[in-house]
Amino acid sequence: MGSHGGGTAEGQQEVLKKLGIDEGSMGCEIRSSMRTVDYGLVTEGIHCHLDANAAGAAGIVLLNRVKAHTSFPREIESGLIKLIAVGLGKAEGARSVHRIGPKGLQEILPRLAEKAIASAPIKAGIALIENANREICHVEPVEPDALFETEKKLLQKAKGLMPSLPFDQLDALIVEEFGKEISGAGLDPHISGRTDIRGIANPSTPFIHKIAALRMTEATNRNGMGTGMVDFIPQPTANKLDLHSMYMNAVSSTVLEKAFLPIVLANDQEVIRALVATCWQPELSAIRLAQIRSTLHLNEMLLTTPLLKEATEKGALDSQHVKSEKFEFDEMGNLLNRVN
C-alpha cells in the first residue's frame, strides 16, 4: 500500500524483500516508484493518481486477498478495490483516501477506484480468500466492471472464515508476535477487540482488559504499528522500533493512535508481572489470561485454569493436546514458554 515502507520506493522494495518477494525469488524485475500519473479530479481537491509504471503497461492484472479491514465494517474493505486506490495510487492515493479521516475509506476510496478502472489499462482481477489458517481456499477471476459487486460478495465469505478467540472477555492477553504482515494494524482488531480510532466504536466483543505484545516479526521490518493498541511492550522490542516508518504510516493514514507507544518495561518478565498486576483481578487463581502466538495464529494457545474450563465446556478444546506448565524465564527475563 502507498504508505508502507515509509512511503518510499526503496522502503517498499525492502518490505517486499522481507516477505520473500524480490527479483531472485520471482524471476523478474521489481519496479518500485512513487511516480504517478494524474487521471483527474474525483471530488473537490482530490485527484486520482496511479503508479506511472502500471499506467504505462499494456495491461494490469490485480491480485489481492479480500478480507476485513482494521477500521470499521463497510461493503468494501480490504481487497482489489483498495489495491487500486491505495496500492496503485501510491503515497498520493493513501493521502487522498485518508486526508478526511476514517470516512475517506467509505467515501473517497470507491471514487478513486472507479476513476482508475475507467482510465487505467486494468484488464482483470484475481481475488483470493484465506481460511482461518491463512491458507488460500478460494480463487476467483473478476472482470473490471464486476470488481465492486464481486468484492462485496467475497468480503462476506471471507469474514465468515476469520479466526476468533473462543472467549468474549479476557482479563489479560499475551501476544508473542505482532507485525504488518499479520495485520495492517499489527494486531487484528477483530481479535484484540481494539480498533482504537477516535470516533469509531471498538467491537463489543471480545473485551480484553490488558494486552502485552512481546516481539515484532522479522517480516514487519521494524515497523511496529500496533503498539498503540497494547498496554505493555519490553524494552528490547521498543529499542528496535523504526519510528520513522511507523510515523509515516500513521501520518499517511491520519490515524495516529496505532503508532503511540505503550508502557515499556525492562523485559518479558517485568511486562507480564505488570500485565497481571493491572488487570483488575485480585485473585491469581481467577485470572482469565491467554497467551497466543499472534492474532493470526489461534489454533493453539496457553490458558489459565478459568479459561481452560470455559473452553472445555464450550467444546472448543482438543483435550489430547492439553498440558500444564508455569511461566518460565531465562536469566535475561525472556519468556521461555511459547505457543507452538
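Bear in mind that the values in this text are calculations on the coordinates, not laboratory data. Since the model is a prediction, treat every value here as computed from it, not as a measurement. Heads up, the Cβs are rebuilt from the backbone with ideal geometry, glycines too, and the neighbour counts pull from every protein chain shown.
Give the cross-link partners of K153 among the aspartates and glutamates, using a straight C-alpha distance below 13 Å as the criterion and excluding same-chain residues fewer than 8 apart.
Of all the aspartates and glutamates, those that pass the test against K153 - Cα under 13 Å, at least 8 places apart if same chain - are E75, E77, E140.
Please identify every one of the chymotrypsin sites (Phe, Trp or Tyr not before Pro) in region 184-279 that sits in a loop by DSSP and has no more than 14 other beta carbons within 10 Å of its own beta carbon.
Loop-located and lightly packed - F260.
For the chain, give me the percentage of DSSP beta bridges that are antiparallel, rounded to the nearest 5 percent.
Of all bridge pairs located within the chain, approximately 45 percent are antiparallel.
Determine the alpha carbon to alpha carbon distance for each of K90/K210; K123/K258; K90/K123 and list only those over 24 Å.
K90/K210; K123/K258
With the cut-off at 1.5 for a/c, could you classify region 33-159 from its C-alpha gyration tensor as rounded, prolate or oblate?
Verdict is oblate for region 33-159.
Classify region 51-105 as rounded, prolate or oblate from the Cα gyration tensor: take a ≥ b ≥ c as the square roots of its eigenvalues, call it rounded if a/c is under 1.5, otherwise prolate when a/b beats b/c and oblate if not.
Verdict is oblate for region 51-105.
Quick check: from the Cα gyration tensor, does region 167-213 come out rounded (a/c under 1.5), prolate or oblate?
In terms of gyration-tensor shape, oblate.
Starting from the coordinates of the alpha-carbon atoms of region 117-238, obtain the Kirkwood hydrodynamic radius over all distinct pairs and give the value in Å to one decimal.
16.6 Å
For the chain, what is the relative contact order in percent, using Cα pairs closer than 8 Å and at least 6 residues apart in sequence?
16 percent
Output the antiparallel fraction of DSSP beta bridges having both residues in region 169-321, as a percent to the nearest 5.
25 percent
Taking the highest mean first, how do the peptides 277-290, 39-52, 15-28, 180-193 order by number of other beta carbon atoms within 10 angstrom per residue?
Peptide ranking by packing, descending: 180-193, 39-52, 277-290, 15-28.
Can you tell me the relative contact order of region 56-167? Whole percent, Cα pairs under 8 Å, sequence separation 6 or more.
32 percent
Evaluate Rg over Rh across region 256-340, taking Cα atoms for both radii and Kirkwood's formula for Rh.
Value, to two decimals: 0.99.
Can you give the relative contact order of region 140-269 as a percent, counting alpha carbon pairs under 8 Å and 6+ residues apart?
22 percent
Over all directions, average the projected area of the Cα convex hull of region 169-321 and note it in nm².
Hull-based average projected area comes out at 9.3 nm².
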